[in-house]
C-alpha cells in the first residue's frame, strides 16, 4: 500500500491516495425477457442499452486492483459503492462518515480550490484506466457474450 500511495504522490502531488474508483458500463446481450431471476429491464442503463455496471479500482499506474461486476446496468454507481467491502473497509480504517466523501465547490485561488483541481486530476486516473481497458478490448463496447480474466489485463501494465 505504501508503494501505491507513493505512486499517486509522485504523479499528482496528492498525499495519502491508495486507489481510484469508478464504474463503467460493459455492454451485454440482453437477457431473456421472461427471466424472472434477472429481469431484462434491470440491465437497461441510462443510455438505453443493456449492460453490467462494473466498478473498477486502480492504482496510479492504471493497474486494476479490484473489480466488481455483480450489478445490472440500471444500478447507480453510488449504490454499488455502498455495497462494496472496500468501502466498508476504508470507512473502518479511517473512521469516515458518508458525508466525508463529498467535495464542495470552492472559491478560486483558495487552498480548497487547489485541492479540488488536484483531486480532479488524480481521479482522472481511473477514467483513463477505463478508457485503456475499452480501447485494448474493444469487444467490451459491443453486445457480445464474453468471459475474460482481469489478471490478463494487468500483465502488460507491469
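Observations, loosely collected:
- Potential lengthening of the chain between residue 33 and residue 128 amounts to 30.8 nm, from the contour at 0.36 nm per residue minus the alpha-carbon distance.
- Full-stretch length increase - residue 48, residue 74 - with 0.36 nm per residue and alpha-carbon distance subtracted: 8.4 nm
- Prolate/oblate/rounded call for the range 1-63, Cα gyration tensor, a/c under 1.5 rounded: prolate
- The protection proxy used here, the mean number of other Cβ atoms lying within 10 Å of each residue, ranks peptides 5-12, 35-42 as follows, highest first: 5-12, 35-42.
- Tensor-based shape of the range 1-140 (alpha-carbon gyration tensor, a/c under 1.5 rounded, otherwise prolate or oblate): prolate
- Available extension along the chain between residue 10 and residue 82 is 23.0 nm, counting 0.36 nm per residue and deducting the alpha carbon span.
- Cα gyration tensor category, rounded, prolate or oblate, for the range 27-85 with a/c compared to 1.5: prolate
Since every read-out is calculated from the coordinates, none of them should be taken as a lab result. None of the values given here were measured: they were computed from a predicted structure. Positions of Cβ are backbone-derived with ideal geometry, glycine not excepted, and every protein chain shown enters the neighbour counts.
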